[in-house]
Amino acid sequence: MIYISRKEHFNAAHKLYNPNWSKEKNEEVFGPCANANWHGHNFELIVTVKGKPDPDTGFVVDLKKLSTLIREEICEKLDHKNINLDVPFMAGKMASTENIAIEIWKILEAKLPSITKYGKLHAVKLYETPRNFVEYLGE
């Protein structure tokens, strides 16, 4: 088994806020991330595909096609958007990095077979900051 990854980037705003809680409780739990006027991040997304190389090309997945898929299905829908308000796949969900990664996984897992017959989605790693990131393995 071999693992191949592609990194992409997008900028987006969000806020962490539970509407069932008071303003004070939200601020206690989420701190400045509950800012009423939102806050933003320069997100880094790393998508890893695993599999055995295609005997004809030597590729698990063509990285140009993977890049196009990620940009069209994920980055273009998130870049310079308010995740809470502008991103249909996040509607009604807490816009935590964890939930964003899960939704990205769902989209890519469904679309990946259109660009590879030898690869399977292995991981979605989403960096919110250089020191804070989540990794989702579809579990």
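We did not get these values from a lab; they are worked out from the coordinates using the rules stated. Nothing here was measured: the structure is a model prediction, and the numbers come from that model. Using ideal geometry, Cβ is built from the backbone for each residue, glycine included, and neighbour counts are taken over all protein chains shown.
Here are the numbers for the structure shown:
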item	result
Condition check for Asp62: among the acidic types (Asp, Glu), in contact (Cβ under 8 Å) with a residue 24 or more places away in the chain, in contact with a Phe, Trp or Tyr (Cβ under 8 Å, 6 or more places away or on another chain) and surrounded by 14 or more Cβ atoms within 10 Å (Cβ to Cβ)	no
Odd one out for Asp56 among (1) of a type in the set (D, E, K, R); (2) surrounded by 12 or more Cβ atoms within 10 Å (Cβ to Cβ); (3) out of contact with any Gly (no Cβ under 7 Å at 6 or more places or on another chain); (4) outside any helix (DSSP H, G or I)	(2)
Any hit, the stretch 14-29, residues being hydrophobic (A, V, I, L, M, F, W, C), within 20 Å of Leu126 (Cα to Cα) and in contact with a strand residue (DSSP E or B) (Cβ under 7 Å, 6 or more places away or on another chain)	no
Residues of the stretch 66-124 classified as in contact (Cβ under 8 Å) with a residue 12 or more places away in the chain, part of a loop (DSSP other than H, G, I, E, B) and basic (Lys, Arg), total	1
Residue under evaluation Asn37, criteria (1) under 17 Å from the mean Cα position of the chain (by Cα); (2) on the phi < 0 side of the Ramachandran plot; (3) outside any helix (DSSP H, G or I), criterion not met	(1)
Residue satisfying condition, being over 16 Å from Thr116 (Cα atoms), in contact with a helix residue (DSSP H, G or I) (Cβ under 6 Å, 6 or more places away or on another chain) and among the charged types (D, E, K, R), within set Glu24, Glu103, Glu72	Glu103
Which numbered condition Lys50 fails, given (1) in a helix (DSSP H, G or I); (2) touching a Lys or Arg at 6+ places or on another chain (Cβ under 9 Å); (3) of a type in the set (Lys, Arg)	(1)
Glu28, sole failed condition from (1) under 20 Å from the mean Cα position of the chain (by Cα); (2) loosely packed, with under 12 Cβ neighbours inside 10 Å; (3) not polar (S, T, N, Q)	(1)
